[in-house]
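Heads up: the structure comes next, in structure tokens.
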Amino acid sequence: MSIEARQALVNSPNTIFQADSQRADLLDPALTQTGLIAFLQVLCAKWPVEFTAIKSDHHDDSALGLHCHFNGYAADCWPLASAKAGDYLDAGDARFQEFLADAATIVTHYQTGLGGSAYTATNMTAAGPTAFEDDGADHVHFGAVNP
């Protein structure tokens, strides 16, 4: 994945960060995998997304296997109603389910974890067969694979 593609992702008006380290992680090929960048490019082309953790601001989850934050394959986020930080979609909103269903169709999608209020039966169904209940506060975890 070119640095230009990474820059386009982090500079997209649909890409919102809670911490500067998240932007830096996505720009650094040593910290985030090509598959994650490809996944997020497709997702953020359609949906405004606020990132809550990428790699540097996530605990070491390497015990979970290859496709984790520690290895640069995952990001935690929440879909937004607009490209304005903090304008979160409610987890029960039909657009939330559409967001999850769209993500599951992206070629480099590996898995979806739903934490906190995101974990509902309706959202699990929308997220598809790779969905799981994630630990922690409200967030959507996406794992990716390299193309």
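What tally of residues in the range 1-16 results from selecting those that are buried (at least 16 other Cβ atoms within 10 Å of the Cβ), without any contact (Cβ under 8 Å) to a residue 60 or more places away in the chain and more than 20 Å from ASN71 (Cα to Cα)? Can you show your working first?
Let us first name the residues in the range 1-16 that are buried (at least 16 other Cβ atoms within 10 Å of the Cβ), namely 1, 6, 9-10, 12, 14-16.
Then drop every residue that is not without any contact (Cβ under 8 Å) to a residue 60 or more places away in the chain, which leaves 1, 6, 9-10, 12, 15.
Still in the running and more than 20 Å from ASN71 (Cα to Cα): 12, 15.
Adding up the residues that qualify gives 2.
Among the residues of the range 88-98, what is the count of those that are exposed (fewer than 14 other Cβ atoms within 10 Å of the Cβ), in a loop (DSSP other than H, G, I, E, B) and not charged (D, E, K, R)?
Adding up the residues that qualify gives 1.
Test ALA127 against the stated conditions and say whether it is crowded, with 16+ Cβ neighbours inside 10 Å, closer than 22 Å to CYS68 by Cβ and either among the small types (Gly, Ala, Ser) or over 15 Å from the mean Cα position of the chain (by Cα) (or both).
Yes; evaluated as a whole, the condition is true for this residue.
Every residue, every condition in (1) part of a loop (DSSP other than H, G, I, E, B); (2) touching a Cys at 6+ places or on another chain (Cβ under 8 Å), yes or no:
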residue	(1), (2)
LEU40	no, no
PHE51	no, yes
HIS59	yes, no
PRO79	no, no
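Please verify whether the range 97-116 includes one or more residues that are touching a strand residue (DSSP E or B) at 6+ places or on another chain (Cβ under 7 Å), farther than 27 Å from ALA5 by Cβ and among the small types (Gly, Ala, Ser).
Yes, the range 97-116 contains at least one residue that is touching a strand residue (DSSP E or B) at 6+ places or on another chain (Cβ under 7 Å), farther than 27 Å from ALA5 by Cβ and among the small types (Gly, Ala, Ser).
Consider HIS69 against the criteria (1) farther than 23 Å from GLN97 by Cα; (2) more than 15 Å from the chain's Cα centre (by Cα); (3) assigned to a loop (DSSP other than H, G, I, E, B): it satisfies all of them except one. Which criterion is unmet?
(2)
Can you confirm whether the range 57-69 contains a residue that is in contact (Cβ under 8 Å) with a residue 24 or more places away in the chain, hydrophobic (A, V, I, L, M, F, W, C) and farther than 16 Å from ASN11 by Cα?
yes
Looking at the range 18-38, which of the residues that are assigned to a helix (DSSP H, G or I) and touching an Asp or Glu at 6+ places or on another chain (Cβ under 9 Å) is surrounded by the fewest Cβ atoms within 10 Å (Cβ to Cβ)?
SER21
Checking the conditions here, which among ALA85, ALA101 is loosely packed, with under 13 Cβ neighbours inside 10 Å and over 12 Å from the mean Cα position of the chain (by Cα)?
On the way: ALA101 fails: loosely packed, with under 13 Cβ neighbours inside 10 Å.
None of the other options fit; the residue is ALA85.
Since every read-out is calculated from the coordinates, none of them should be taken as a lab result. Since the model is a prediction, treat every value here as computed from it, not as a measurement. Virtual Cβ from ideal backbone geometry, glycine too; neighbours counted across all protein chains shown.
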